[in-house]
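In what follows, a single structure is set out as structure tokens and then discussed.
The values are calculated or read from the model by the stated rules, or taken from the named source; none is laboratory data. From a predicted model like this one, the values you see are computed outputs, not experimental measurements. Every residue, glycine among them, receives a Cβ derived from its backbone with ideal geometry; neighbour counts consider all protein chains shown. For accessibility, only protein heavy atoms count, side chains too; no ligands or nucleic acids. Shrake-Rupley method; radii C 1.70, N 1.55, O 1.52, S 1.80 Å.
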Amino acid sequence: GDGEAAEGAREVREVEIGIDIEECAARQATFLWQVRWPEYSCTSFLSSAVSRYQQMLELMREHPRCFIVPTYDIDLMWHAHLAYPEAYRRDCEEIVGRWVSHDDTVNDRCEGGRLETATMQTRELW
């Protein structure tokens, strides 16, 4: 009867998540659209991206005050690295000398905006 359904029902607790997870998911959906191309299934492309990701971390170490903007392939490697928080923290401290925040909220691509300016600066440093 009704008692059986209630027994199998899972209690739902109200939990406060410290971020706007819906907004974060929307940003991730946009990112996933950008890395959907066939080359992202090619091992040589991905190996190159790993190497370039390591170069980006070195660039961050050499220029700690710069907002370094990765290309999409490098950003995919960054997301993969972030999936392992302990290794990410350890590797950042070892390679960059500090923990590196991945700020995906900077996405205004307007001319003269922070993202465009930082992208041009990253290209010059690269």
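Values computed for the structure shown
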quantity: Principal axis box of the range 29-102, alpha-carbon based, largest edge first, Å; calculated: 35, 24, 23
quantity: Contour excess over end-to-end distance, with Cα ends at Ser101 and Ala26 and 0.36 nm allotted per residue; calculated: 25.1 nm
quantity: Principal axis dimensions, the range 68-126 - Cα atoms, whole angstrom, descending; calculated: 37, 20, 17
quantity: Heavy-atom accessible area per residue - the range 16-71, 1.4 Å, Å²; calculated: 70
quantity: Share of pairwise Cα separations in the range 15-59, more than 11 Å, in percent; calculated: 74
quantity: Nearest-ten-degree value, helix 43-62 long axis tilted from longest Cα axis of the chain; calculated: 70
quantity: Spin-label model distance (nm) - Ser47 vs Val35, 7 Å beyond Cα toward Cβ; calculated: 2.0
quantity: Sequence-separation-based contact order of the range 41-120, relative, with Cα cut under 8 Å and 6+ spacing, percent; calculated: 29
quantity: Relative packing of 29-39, 95-105, 12-22, which averages over residues the other C-beta atoms within 10 Å, highest first; calculated: 95-105, 29-39, 12-22
quantity: Whole-Å semi-axes of the ellipsoid equivalent to the chain (Cα gyration tensor, √5λ, descending); calculated: 36, 18, 17
quantity: Folded to 0 to 90 degrees: helix 21-34 orientation relative to the chain principal axis, Cα; calculated: 50
